[in-house]
Amino acid sequence: MRARIYRTEVALLDVVEGGAQTHASRPRLYLELELDGVTGFGEVAPQPVALNGDPGVDEVIVAAHRALARVREWAGREGVPPWWRVGVAVDGTPAARAAAALVEMALVDRELRATGRTLADLWPARHEVRTTATVSLLSSAPWRVSSGAARVRAKCAPGPLAPEALERLEALEVPVLLDYNATALDAEGVLDRVREVARRARIAALEQPFAPGNLAETARLAERLDEVGVAVSLDEGVRTLSDLRGAARYRAATVVCVKPARVGGLAQALSLIERARGLGLTPYLGGFFESPYARAVHRALVAHAVDEPSDVADVAVPGPPEAVAASGSVGLWPSPETLAGAGVLEA
């Protein structure tokens with residue numbers, strides 16, 4: 001077994017200011033994993049530093065080395081492990097789940113290449129892939145909303161919105177998801193913002209108003225928002241089946257954002273999507289500003305399992321393409337230029 005982790009940082013063409021941080025660039029980790037002469041790639045795009053329960057990139061690298069040591073042990077004892085096993089065996093920490101997602105994606109790619117299959121063979125398409133665009137109501141940065149976007153995620157924070165932001169909301173032709181990123185101070189302030197936005201745009205949902213785990217306050221807000229026909233979505237608060245059960249039990253949300261890198265990988269994301277539906281929740285797939293390579297994997301997952309607009313559109317970055325066409329498997333490969341410009345960690 002040979003493993004190599006590539007660490008890079010990419011500037012985002014569209015800076016997105018959120019209530020908790022400004023997204024101007026993003027770390028990305030690629031894993032090149034070779035087993036029995038066949039290579040696969042994985043990718044995650046962690047936070048620069050830990051935030052709202054999500055791990056920072058350095059934590060994920062440490063956890064990835066542990067996950068790869070486990071894979072090496074399995075391979076030496078039993079042969080190449082099935083890709084889905086990695087997410088099941090994580091220790092439950094946020095960094096371990098992100099690392100599992102990285103290793104699992106590489107094993108998926110490697111298995112498909114070894115068997116001459118594609119993602120469509122693994123996950124037959126059953127739904128139209130509808131995407132979201134991410135913008136900010138907190139800055140004057142241009143909005144890049146493609147004609148194919150079915151929903152807009154608009155970053156917001158406590159306090160009144162600028163007149164220019166309200167004017168841009170009025171111009172939207174698709175519903176908007178108001179994303180607080182756990183920065184709301186109180187229910188009244190959120191309700192004021194919802195009333196303000198509802199006069200200018202269709203609100204699909206209000207996402208993660210309070211800190212992850214604060215289901216009591218979120219449930220009280222959800223009850224009041226239900227009176228005006230606005231759903232509550234949870235994002236940072238969705239990591240495990242227990243989180244879904246809590247959201248459903250306390251009626252804290254009706255929509256949930258499932259992010260593979262947050263929940264432990266693709267197999268875990270698929271499982272949580274199905275369990276969410278069983279609990280009466282509406283799931284969609286989220287992301288962390290990944291490259292077109294990981295986004296292609298996520299789009300295949302959406303086509304198979306998700307019928308809601310999801311965060312799987314390619315993220316615009318300056319410079320040469322981050323992925324190149326490749327036959328089989330994902331249909332893409334991290335570009336040589338991307339890997340050549342990255343820091344390399346032998347694992």
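The calculated FRET efficiency for the pair Thr39 and Asp192, based on their C-beta separation and a Förster distance of 56 Å, comes to about 0.55. Based on the Stokes-Einstein relation at 25 °C and a viscosity of 0.890 mPa s, and on the Kirkwood radius from alpha carbon pairs, region 247-341 is assigned a translational diffusion coefficient of 169 µm²/s.
What order do you get for 158-168, 288-298, 93-103, 186-196 when each peptide is scored by the mean count of other beta carbon atoms within 10 Å, highest first? Display every interim value, and only then the final one.
Numbers: 158-168: 14.2, 288-298: 23.5, 93-103: 27.1, 186-196: 16.3.
Ranked by mean Cβ neighbours within 10 Å, highest first: 93-103, 288-298, 186-196, 158-168.
Here the 3J(HN,Hα) profile of region 161-173, calculated from phi with Karplus coefficients 6.51, -1.76 and 1.60 at θ = phi - 60°, is 8, 5, x, 5, 5, 5, 5, 5, 4, 4, 7, 5, 9 Hz, Gly and Pro shown as x. Can you give the angle from 0 to 90° between the axis of helix 57-78 and the longest principal axis of the chain, with both taken from C-alpha atoms, to the nearest 10? Between the helix axis and the principal axis of the chain, the angle is about 40 degrees. Against the chain, whose longest principal axis is taken from its Cα atoms, helix 292-305 shows a tilt of about 70°.
So how do Ser233, Ser329, Ser335, Ser140 line up by other beta-carbon neighbours within 10 Å, fewest first? Before the final figure, lay out each step's value.
Working: Ser233 28, Ser329 25, Ser335 18, Ser140 10.
With the sparsest Cβ surroundings first, the list reads Ser140, Ser335, Ser329, Ser233.
Can you tell me, using C-alpha contacts under 8 Å and at least 6 residues apart, the relative contact order of the chain as a whole percent?
It rounds to 21 percent for the chain.
Size descriptors for region 122-305, from the alpha-carbon set: Rg then Dmax equal 16.1, 48 Å.
Scanning residues 5 or more positions from Leu332 or on other chains, those with amide H under 5 Å from its amide H are Ala326, with H placed 1.01 Å from N in the peptide plane. If you look at the Cα atoms of region 193-301, you get an Rg and a Dmax of 14.3, 41 Å. One decimal place: the segment Gln21-Ala326 gains 106.3 nm when fully extended, by the rule 0.36 nm per residue minus the C-alpha distance.
Neighbours of Asp226 by Cβ distance under 14 Å: Lys/Arg scored +1, Asp/Glu scored -1, total +1. Relative to the longest principal axis of the Cα atoms of the chain, the long axis of helix 94-115 lies at roughly 50 degrees. Here the extension length gained between Val228 and Leu279 equals 16.1 nm, from 0.36 nm per residue of separation less the Cα-Cα distance.
Every number here is computed from the coordinates shown, using simple stated rules; none is lab data. These numbers come from a predicted model, not from an experiment. FYI the Cβ positions are ideal-geometry reconstructions off the backbone, even for glycines, and counts take in every protein chain you see.
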